[in-house]
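Below: one structure, written as structure tokens.
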Amino acid sequence: MIPGVSSRRRFKDLSEQEILALAISSEEDDARIYRSYAEMLREEFPASAAVFDGMAEEEDEHRRRLIDLYEARFGPTIPLIRREHVAGFYARRPVWLVENLGLERIREEAHIMERDAQRFYEAAAAATTDAATRKLLGDLAAAEAGHADTADDLEKEHLGDEARSDEDAEAHRRFVLTWVQPGLAGLMDGSVSTLAPIFATAFATQDTWTTFLVGLAASVGAGISMGFTEAASDDGQISGRGSPFKRGLASGVMTTVGGLGHALPYLIPDFWTATITAIIVVFVELWAIVWIQNRFMETPFLRATFQVVLGGALVFAAGALIGSG
């Protein structure tokens, strides 16, 4: 027996009373989720918060209609049955997970929620024989299908073109400050700063395994250092750069990736094959940095190219010369 699975009911085995109870609890949960979205967005994106407040009120109205029908048919006591009690029933992502994915992802999640609810009410209506219950569930399925129009109306009311443009620009700015900028700094540090020790070791020893170990140690050590430095340097409260944990994670991971890119080729036993492959990887890394700077940081392409390629070439030359000497 698998814990948590054996006790779950199949949807087709639910009674009409249980289906209504499930619908009530689902509407309560969805309203709670929409209000959570509204609260997390209220300070920075007030217009979008107002949209989610309106959607939560819609869910409250659905819940009230379901409760009225339930009481008329089965009395005042509603059994506790939730999504997780039903095998194969749709699940909601944790609010904290969606929060970390940004404003546009929250909007997309709301559309997924409405689509899932629509399918549930269609299945529930098909499984019901009572005319009044079937009518209400069918009406709610239509309402969920029409929530895209409701959301559009709410957006027109609270989120005009100017407000939406401002919020999208703010979301992009925060994405750049929280993820792109620290990640870019980490990629640059990992790609450039590890060039010297890796290629110095390579030319000094011409031992690919030793070079790989040095590259691995340099990459992981630099990633840990950059991650902690970024996280500790700014709590984001005044600068508006976002969560220090997110920035530290982006910086640390990208630093490690940048260093490992040209350390991994030294798993190839042949020294010159590994070295040529590593040089090609370095070239790709440097051009990736140039593209990110131009795409997200709006750095002129030629200036970014000059800065990155020149810096990388100087560090590579220093490592090769030191190792050869």
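Residues are listed down the side, and each one gets a yes or a no for (1) surrounded by 13 or more Cβ atoms within 10 Å (Cβ to Cβ); (2) outside any helix (DSSP H, G or I):
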residue: Lys12; (1), (2): no, no
residue: Glu59; (1), (2): yes, no
residue: Arg63; (1), (2): yes, no
residue: Ile78; (1), (2): yes, yes
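With the condition being at pLDDT 85 or above and small (Gly, Ala, Ser), I'd like the helices (runs of 4 or more DSSP H) fully within the stretch 223-325 carrying at least 1 qualifying residues. Spell out the reasoning first.
Details: elements: 244-263, 271-296, 301-324.
Per the criteria, 244-263, 271-296.
Counting residues that are of a type in the set (Lys, Arg), within 17 Å of Tyr37 (Cβ to Cβ) and at pLDDT 80 or above, which helices (runs of 4 or more DSSP H) fully inside the stretch 80-162 reach at least 2?
Ranges flagged: none.
For the stretch 30-56: of the residues being in contact with an Asp or Glu (Cβ under 9 Å, 6 or more places away or on another chain) and acidic (Asp, Glu), which is surrounded by the fewest Cβ atoms within 10 Å (Cβ to Cβ)?
The qualifying residue surrounded by the fewest Cβ atoms within 10 Å (Cβ to Cβ) is Glu44.
Please determine whether any residue of the stretch 304-319 is buried (at least 17 other Cβ atoms within 10 Å of the Cβ) and more than 16 Å from Ser191 (Cβ to Cβ).
No, the stretch 304-319 contains no residue that is buried (at least 17 other Cβ atoms within 10 Å of the Cβ) and more than 16 Å from Ser191 (Cβ to Cβ).
The values are calculated or read from the model by the stated rules, or taken from the named source; none is laboratory data. Everything numeric in this text was worked out from a predicted model, so none of it was measured. Positions of Cβ are backbone-derived with ideal geometry, glycine not excepted, and every protein chain shown enters the neighbour counts.
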